[in-house]
1. Looking only at residues in the range 94-115 that are away from ligand 1 (no atom under 16 Å from the Cβ), among the small types (Gly, Ala, Ser) and closer than 13 Å to Ala82 by Cβ, which one is nearest to the chain's Cα centre (by Cα)?
2. For the range 37-65, give me each residue that is buried (at least 24 other Cβ atoms within 10 Å of the Cβ) and among the β-branched types (Val, Ile, Thr).
3. Can you pull out the residues in the range 82-119 that are part of a loop (DSSP other than H, G, I, E, B) and either in contact with a strand residue (DSSP E or B) (Cβ under 7 Å, 6 or more places away or on another chain) or buried (at least 18 other Cβ atoms within 10 Å of the Cβ) (or both)?
4. Every residue in the range 174-203 that is outside any loop (DSSP other than H, G, I, E, B), touching a residue at least 24 places away in the same chain (Cβ under 8 Å), of a type outside the set (Val, Ile, Thr) and within 27 Å of Gly28 (Cβ to Cβ), please.
5. Name every residue in the range 167-186 that is more than 14 Å from ligand 1 (Cβ to nearest atom) and either modelled with pLDDT under 95 or acidic (Asp, Glu) (or both), in order of residue number.
6. Do the conditions hold for Leu190, that is, is it under 18 Å from the mean Cα position of the chain (by Cα), within 16 Å of ligand 1 (Cβ to nearest atom) and either closer than 22 Å to Ile12 by Cα or polar (S, T, N, Q) (or both)?
7. Taking the residues in the range 66-81 that are within 16 Å of ligand 2 (Cβ to nearest atom) and on the phi > 0 side of the Ramachandran plot as candidates, determine which candidate is surrounded by the most Cβ atoms within 10 Å (Cβ to Cβ).
Amino acid sequence: MPVLEAAFLYGILDLKYAAEDSVAEMAGRMIRGGVGVLQLRAKEVDEARIVALGRRLAPICREAGVPFILNDWPHLVGVAGADGVHVGQEDLPVAEARALAGSGAIVGKSTHCLEQAVAAAEEGADYIGFGPLFATPTKPDYVPIGLEMVRDVHARVSLPIFCIGGIKRENLQMVIDAGAVRTVIVSGILCSMEPERYTQECVKILKRGHVWKPAF
Ligand code: TZP
Ligand code: MG
């Protein structure tokens with residue numbers, strides 16, 4: 001999917017770090033900073049509020065040409081105006097999520113090892129998240145997988161792969177050197193004093209890394 005291949009930095013508006021009344025403003029900053037995908041991740045929020053938040057964010061993303069993804073809730077994709085859904089290993093299979101989200105919807109899947117990454121591609125995911133590479137308070141119950149599998153997963157899976165988990169501006173080059181092309185950054189952006197500039201700098205580092213990577 002060209003819109004995903006063009007994306008280097010995937011931003012997640014996680015309500016653990018962003019207040020509900022600030023999501024539109026934060027989305028604007030992330031988009032101006034250069035995120036190529038934006039996800040709403042709101043684990044403690046009920047369906048009605050997901051829809052309300054989605055409806056606030058969807059037009060901002062659409063205007064910028066940035067795909068807007070809901071974490072969980074595939075059946076709310078249409079009503080919230082989102083472009084797709086992100087599912088985890090414990091959630092619905094990709095085909096079922098797509099059936100609920102709509103045939104044109106983007107479906108991404110979280111993967112935590114090579115086997116899951118290969119399986120997600122076989123299942124028909126449009127992209128995968130791969131991690132957590134490093135320990136992170138954003139997803140505290142997961143064991144970090146480190147950098148060793150990053151090169152292998154890019155060799156074995158030809159989908160856009162967004163490495164995730166504990167990635168910050170400061171360790172981004174190390175993640176790229178390990179073979180990553182695309183990343184997700186959550187708390188690094190949302191907790192930054194200057195989210196727009198932080199995002200811009202991360203995108204710049206990722207694009208610079210990309211120049212030196214013929215295969216992705
Ligand atoms: N899935 C794997 S790690 C993670 C998710 C949602 C959280 C990443 O957040 P952060 O703050 O960039 O470490
Ligand atoms: Mg989920």
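The values are calculated or read from the model by the stated rules, or taken from the named source; none is laboratory data. Bear in mind the structure is a predicted one, so any value in this text is a computation, not a measurement. Note that each Cβ is placed from the backbone with ideal geometry, even for glycine, and that neighbours are counted across all protein chains shown.
1. Ala105
2. Val37
3. Correct list: Ala82, Asp83, Gly88, Gln89, Leu92, Ala105, His112.
4. Result: Arg182, Ser187, Leu190, Pro195, Glu196, Arg197, Tyr198, Gln200, Glu201, Cys202.
5. Asp177
6. It is true that Leu190 is under 18 Å from the mean Cα position of the chain (by Cα), within 16 Å of ligand 1 (Cβ to nearest atom) and either closer than 22 Å to Ile12 by Cα or polar (S, T, N, Q) (or both).
7. Step by step, filter the range 66-81, then rank; the result is Trp73.
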